[in-house]
1. Could you give me the ³J(HN,Hα) list for the range 154-165, computed from phi with Karplus coefficients 6.51, -1.76, 1.60 and θ = phi - 60°, whole Hz, x at Gly and Pro?
2. Return one number: the angle in degrees, 0 to 90 and rounded to the nearest 10, between the long axis of the Cα atoms of helix 3-15 and the longest principal axis of the Cα atoms of the chain.
3. 7 Å from Cα along Cα→Cβ at both Ser285 and Asp215: what's the point-to-point distance in nm?
4. How big is the chain in terms of Cα radius of gyration and Dmax, in angstroms?
5. Could you give the radius of gyration (one decimal) and Dmax (whole number) of the Cα atoms in the range 184-338, in Å?
6. Working out 0.36 nm times the residue gap between Gln157 and Asn224, then minus their Cα-Cα distance, what length gain in nm do you get to one decimal?
7. Calculate I(q)/I(0) for the range 251-315 by the Debye formula, one identical point scatterer on each C-alpha and no solvent, and give its log10 at q = 0.18, 0.27, 0.28 Å⁻¹ to two decimals.
8. Decide, for the range 78-129, between rounded, prolate and oblate: order the square roots of the alpha carbon gyration tensor eigenvalues as a ≥ b ≥ c, take rounded if a/c falls under 1.5, and otherwise choose prolate if a/b is larger than b/c, else oblate.
Amino acid sequence: MPKYFVFVVLIFAFLACEEKPKAPKGLSNVKGEIITHASGFQIDLGGAFPVVTVFNPWPGAEKPLTYAVIPKDKLATITYPKDAYDAVVVTPIENIVVTSTTHIPALESLGALDKLIGFPDTKYVSSMPARKRIAEGKIKELGNNESLNTEMVLEMQPDAIVGFAIDNQNDNYDLLNKSGIPVLFNGDWTEQTPLGKAEWIKFFGVLLDKQHEADSIFKSIETNYNEIKTLAKDAIEAPTVMSGALYKDVWYLPAGDSWAAQFLSDANATYLWEGSKGTGSLSLSLETVLEKGKNADFWIAPAQFTSYNALSDANTHYKEFQAYENKDIHTFSLTTGPTGGLLYYELGPQRPDMILKDLVRIFHPELLPNYTPYFFRPLQ
């Protein structure tokens with residue numbers, strides 16, 4: 001099983017034990033950017049310069065992190081307590097390092113991909129414009145997120161690093177921050193609603209001084225998503241759906257309060273585990289899943305599997321599911337970039353409207369007869 005898939009499984013299992021991030025009392029968006037779906041950050045525009053607060057930079061974070069975003073032309077005319085902020089960024093940013101593939105679509109859609117000069121594990125990047133810049137040496141390979149090549153980053157001297165962390169053990173980031181390179185943690189992956197994840201484009205909008213563009217892009221995504229959700233309600237039936245697959249002896253599938261389960265609900269499908277608690281993954285036995293999901297109409301996202309033969313070769317019991325017999329299994333693992341990265345994990349968080357449209361087409365083909373799904377494809 002690919003290392004990338006194992007990492008994703010572990011992340012979702014970890015999140016299942018975490019509560020949805022909430023903004024601390026006393027902090028609001030009254031004076032700032034209106035954040036309507038994301039619960040993990042706010043942008044305060046009420047002072048002399050924007051201040052970004054990230055409430056949940058990683059699951060279980062003990063306190064929020066605050067970042068001052070100061071326009072260069074104001075530096076000489078204002079004073080501010082540096083110790084009051086976890087990082088200070090001067091804009092406009094000329095070059096930046098990001099650390100998650102989910103950050104790249106935001107840069108690309110905001111017309112700022114040319115500012116990206118470094119990324120860890122570039123082999124996972126699927127964006128064609130980004131791959132072109134990697135091939136040209138304009139985006140440098142920086143090792144991997146767990147052991148970022150700090151020497152290279154110090155030599156590059158980016159204006160900012162947008163970090164990604166699963167806990168507070170971030171020695172490399174701490175070193176870079178103390179060396180004068182501002183590190184800002186992006187918690188988009190901790191959001192538990194599709195539109196909540198997508199709204200983090202506004203985080204990049206304020207860093208890149210492209211707030212209007214970010215607002216416009218998100219509004220378009222939100223409108224598309226809600227229109228597709230409304231369309232799905234016109235379906236006569238809500239088919240039953242199961243998901244996931246075995247990893248070793250454990251079947252991982254989305255919990256009822258998760259991002260993935262929300263998609264199925266909004267697509268007017270009946271997810272068989274929709275009543276379960278948790279925002280990450282459930283860990284079940286094959287017997288438990290077979291008992292409940294044997295007669296499910298559809299099987300969505302069967303882990304890394306891309307063909308029926310691969311499923312049956314891995315475990316003959318997969319053949320006992322009705323969705324296997326009727327060839328109603330759909331996967332996003334067939335939609336990859338040129339180096340094998342999964343577009344669902346890279347572009348999907350920013351484009352939940354596309355994911356929802358795929359699912360509505362699968363579950364209710366009569367509603368979108370001329371649409372071809374982008375992320376999901378029938379198992380081979």
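FYI, it's all coordinate maths here, none of it is from the lab. Owing to the predicted nature of the structure, the values given are computational and were not obtained by experimental measurement. Reconstructed Cβ throughout: ideal geometry from the backbone, glycine too, with neighbour counts over all protein chains shown.
1. So the J values, rounded to whole Hz, are 4, 5, 6, 6, x, 6, 6, 10, 9, x, 9, 9.
2. The helix 3-15 is inclined about 80 degrees to the chain.
3. The modelled label-to-label distance comes out at 5.5 nm.
4. 21.4, 71
5. According to the Cα coordinates of the range 184-338, Rg and Dmax are 17.9, 54 Å.
6. Gain on stretching Gln157 to Asn224: 20.2 nm.
7. Log-scaled intensity ratios, in q order: -0.71, -1.36, -1.40.
8. prolate
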